[in-house]
Amino acid sequence: MRARNAVLRVVVALGAAAVAVSGSSGGAVGQPAPGVGTVTASSAQQPARLPDDLRAALAKGPADALVTFDGSAARGRLLGASSLDAASATRAVARASAENAGVKRAVLSAIGVGVHVKRDYSALAVQLITLADLDSAKRLAARTGVVALALPTAYRPQAPAVLTPAAAQAALTSQATYTDPKTQIRQPQAAALGFTGAGFRVAVLDTGLDWNPPRVLPDAEAFGTCTVIGSAHCRVSRLVDATVTPQPRSYVDILTPKHGTNVAGIVAGVAPQAGLDVYKVFKAGADGVAAYDEDILTAINDVLVDGAA
């Protein structure tokens, strides 16, 4: 189906991007802290160099690391699956997962003690692994089939801008000439030509969703009547809390203003016949609200295995 094909293409790109930015510990959403990053091997046959921040963390004791394996064969299957029907694409994802598992198993079985798999992402060539010490990290980095190691990254939302009195007055004045953003991007014309999102499901990874929000945005009712997620009159097909937290899972938008709700609302308004799979990847902690690589990867993996893909 077109839904699987479109999302497969996006998820493969997101999976690569999520791993590529691993290795920092701050910054705004999508902007890791400067000066820290992942160092990858030039080839799967070369040892992956350990980033300085991971070395520093291991000097203090055991540390979690995102380990990227050689997933070239599985990645090829996923890219090829984007042109298949739904059933064939599902089989391709399963085969890719099996190939990833084989590479991971071959590497880890040769390492022995000092490494513990904390979280596996079956459809991606990535695992979150607890390393006991620097020696364990060096042995893992030296194994053929290991491409990169990195500390997980935290992504923090930027503080909303504070309007000056003059800017607030200008905003009020501009309402008199307000133009619906959909008109600005010519969405009505596209919809009239049949480009409505019918047959597609869009995965949104963000701060959660208030699926029956007050009318604070043009498409506040764009989610339909969602007394039950996935029901006939609800645009939201799936609602997943991808964060791993000790408290019961929650899907409610964690930020004010409601960033995830607004993003999903924009998608729903621009593509009025597309379905929505919404993943909450931000959570509140001692250091405030943040999204972490391991939870983002959990959501991407779920999209491939069980979700919109």
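Observations
- Any hit, the stretch 123-141, residues being touching a Pro at 6+ places or on another chain (Cβ under 6 Å), crowded, with 19+ Cβ neighbours inside 10 Å and either of a type in the set (Gly, Ala, Ser) or under 30 Å from Pro257 (Cβ atoms) (or both): yes
- Evaluation of Arg105 against the conditions (1) surrounded by fewer than 20 Cβ atoms within 10 Å (Cβ to Cβ); (2) basic (Lys, Arg); (3) within 22 Å of the chain's Cα centre (by Cα) shows that the sole unmet condition is (3).
- Among (1) in contact with a strand residue (DSSP E or B) (Cβ under 8 Å, 6 or more places away or on another chain); (2) modelled with pLDDT of 85 or more, the one test that Trp211 misses: (2)
- Just one of the numbered conditions (1) farther than 22 Å from Thr90 by Cβ; (2) of a type in the set (Gly, Ala, Ser); (3) not in a loop (DSSP other than H, G, I, E, B) is not true of Ser250: (3).
- Tallying residues that are within 18 Å of Gly71 (Cβ to Cβ) and of a type outside the set (S, T, N, Q) within the stretch 116-156 yields 19.
- Cβ pairs under 8 Å, 6+ apart, first in the stretch 75-96 and farther than 11 Å from Ala123 by Cα, second modelled with pLDDT of 80 or more and assigned to a helix (DSSP H, G or I): Gly80/Ala92; Ala81/Ser88; Ala81/Ala89; Ala81/Ala92; Ala81/Val93; Ala81/Ala96; Ser82/Ala89; Leu84/Ala92
- The stretch 52-90 - residue that is of a type in the set (Gly, Ala, Ser), surrounded by 18 or more Cβ atoms within 10 Å (Cβ to Cβ) and within 21 Å of the chain's Cα centre (by Cα) and, of those, farthest from Val103 (Cα to Cα): Ser82
The values are calculated or read from the model by the stated rules, or taken from the named source; none is laboratory data. Every value quoted in this text rests on a predicted model; they were computed, and no experiment measured them. Counting neighbours? That spans all protein chains shown, and the Cβs are built from the backbone with ideal geometry, glycine included.
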